[in-house]
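Below is one structure, written out as structure tokens; comments come after it.
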Amino acid sequence: MQRSYRSGRFWAQSDGNDASVNVDEPDEDRRDNNYKWSAQTFAIALPALAGMMTDPILSMVDTLFVGQLGVTSTMMSTTKAAATAASPSSTSSIPLAALGACTSIFHLAFHCVKGTTATTASLVAGAVVRDEQKQQADEKGITQKETTLIAQTSMQQAFITGTVISLFLLAFGTKCLNAMGVSTSSTLLFSSAFTYLNYRAVAAPAVVLLTASEGIFRGFGDVITPWKVSLVVAGLNLVLDPFCMFRKQTGMGMMGLGMGIKGAAVATSFSQLCGALLYGSLLLRKGVLRSNDKGGSIPKIAWKKLKQILTRKSDDSAELKQKKRAIALTILRANAAMILKQGSLLLGWAYATSRATRMGHSIVAAHQMGLSIWMLFSYALDGISVAAQVLMAREYEELRIVENNSDEKFAGQKKKVRSLSVYMMTASLIQGLIVSAAVLLLYKLQPSFILTNDPAVRTNLLQLFPHLSAQMTLVSATLVAEALTVGGGRFKWLAFGTTVSSLVAMTRLRLSTSLIGIWSGGIVSLFLGRLITALLAVLDMNGFIPRRNALVAEEEAE
């Protein structure tokens with residue numbers, strides 16, 4: 001499949017097997033207010049939004065089903081005496097408390113590399129533009145070669161990173177839980193949390209491969225395929241969760257495995273593994289993960305690649321090897337900056353959960369449910385962010401290419417980048433206000449399916465809702481501004497800004513004495529700092545920081 005993106009056109013010529021976004025626009029020159037950003041944005045954002053809902057859906061499904069577990073079914077690995085000694089009131093919120101602590105650990109471990117989706121998409125999108133330029137210049141044999149190398153390298157780094165995360169969690173699971181406030185002296189809570197943590201940890205390589213694969217497809221402008229894979233993953237988890245967790249009497253006899261909270265972990269891990277295998281199969285069939293192998297079955301090609309990696313032998317020329325090393329270094333640097341950004345961000349989230357855990361079972365359980373609801377709505381806000389990143393990556397790469405051309409052409413492309421920046425920030429404010437209203441409506445309706453039966457947890461969660469609603473506009477603006485920054489390749493800006501913001505937020509969290517204080521103090525500080533940094537980066541990309549522009553010009557002259 002060949003894709004092109006010129007003068008605002010974003011389309012794909014499909015061979016019948018590829019999913020793609022189709023938005024045709026006229027070729028004539030347009031004024032600043034006629035770039036038709038809305039059509040392009042919705043064509044990308046809506047399918048991307050559906051695909052990104054997998055993670056919060058998985059989290060919400062686990063939370064809802066785990067909330068239905070009783071002490072007996074949840075603590076299957078705990079001694080009967082310990083379960084009997086604990087009163088029902090003290091154990092009714094333990095499953096959610098255990099899940100809350102583990103969820104924060106996984107947010108820190110997996111979402112720390114979640115930024116690889118953005119970096120991969122941005123790098124692939126830029127490479128697509130460069131490959132098209134080379135093709136138009138009649139440089140034969142180069143088209144999509146760079147995109148293929150970027151995709152291959154990203155998948156390799158993703159698998160290695162996932163394996164490291166898995167081994168770390170399995171080796172230091174107890175220390176991670178202790179850091180979350182789950183003490184080994186709390187027998188019921190620790191046993192449940194430790195079991196869930198171990199069974200989820202084995203799927204870490206699959207999780208990181210999912211993020212990299214999604215980024216590859218986004219970079220090519222294909223947001224339909226990630227959506228389809230996400231449906232498969234979410235559907236599997238929805239079916240397997242109750243089957244693995246509960247064992248009930250039906251008309252056909254006893255149904256289900258009755259594994260308790262262990263079943264929730266097994267169902268989620270298996271679903272993620274299936275998603276990673278499906279992505280790998282699709283990438284191999286499309287030829288993205290193979291550049292020199294023509295024909296042959298997928299297992300044979302995969303085995304050949306594995307042997308080349310293990311033996312460090314390759315048929316590549318010296319020039320190609322050097323190019324691969326340069327691409328690997330570029331991806332590694334970009335991912336390192338985004339990992340630092342995500343790591344410091346999620347360290348702040350983990351510290352917030354740690355503070356909530358130390359305030360009691362009912363507090364951390366309400367915090368976990370509030371976090372799941374927050375994640376669900378924040379992911380709903382992220383659809384426009386994907387469009388902002390993909391469009392900015394392509395438009396900004398075009399700006400770099402025409403920088404040394406005629407002043408008129410450069411000025412026109414620069415105007416287009418500014419138009420895109422203004423449009424996306426305006427859209428972020430509008431969607432933020434809409435989602436804030438939706439959260440407030442949810443608070444007024446108080447549907448039973450999002451509330452637990454525990455009175456203390458229910459009370460704390462209802463008190464948190466107005467604060468969740470008020471934050472949505474801030475979150476929306478932050479996500480879109482950061483997406484524009486990533487599209488412009490300003491990875492270091494985000495790493496620095498998020499790290500500083502996280503440190504400030506953790507200071508505020510340390511002074512918090514209630515669940516409301518955690519959300520209205522520390523978390524608001526975290527997003528406000530990120531927004532300011534991202535806006536500065538967007539201004540820099542649009543040439544509104546003269547001193548910065550002068551320094552860049554001097555460096556390029558040297």
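Observations, loosely collected:
- Leu433 sits with roughly 110 Å² accessible to a 1.4 Å probe, with DNA, RNA and ligands left out of the calculation.
- Computed over protein heavy atoms with a 1.4 angstrom probe, the accessible surface ordering of Asp407, Asp540, Asp382, largest first, is Asp407, Asp382, Asp540.
- In this structure the range 356-482 gives 39 Å² per residue of accessible area when probed at 1.4 Å with all protein chains present.
- Rounded to the nearest 20, the Cβ-based charge dipole of the range 348-504 about its Cα centre (Lys and Arg +1, Asp and Glu -1) stands at 220 debye.
- Per-residue accessible area (protein heavy atoms, 1.4 Å probe) orders Lys36, Lys416 as Lys36, Lys416, starting from the largest.
- Nonpolar atom fraction for the range 470-532, defined as the carbon and sulfur part of the 1.4 Å probe accessible area, stands at 72 percent.
- Solvent-accessible ranking of Leu277, Leu462, largest area first, probe 1.4 Å: Leu277, Leu462
- Accessible area of His361 in the full protein assembly, 1.4 Å probe (Å², nearest 10): 70 Å²
- For Thr211, the solvent-accessible surface computed with a 1.4 Å probe is close to 10 Å², ligands and nucleic acids excluded.
- With a threshold of 27 Å on the Cα-Cα distance, the over-threshold entries among Lys134/Lys409; Lys262/Lys444; Lys134/Lys414; Lys175/Lys341 are Lys262/Lys444.
The values are calculated or read from the model by the stated rules, or taken from the named source; none is laboratory data. Remember, predicted model here, so these are calculated numbers, not experimental data. Reconstructed Cβ throughout: ideal geometry from the backbone, glycine too, with neighbour counts over all protein chains shown. For accessibility, only protein heavy atoms count, side chains too; no ligands or nucleic acids. Shrake-Rupley method; radii C 1.70, N 1.55, O 1.52, S 1.80 Å.
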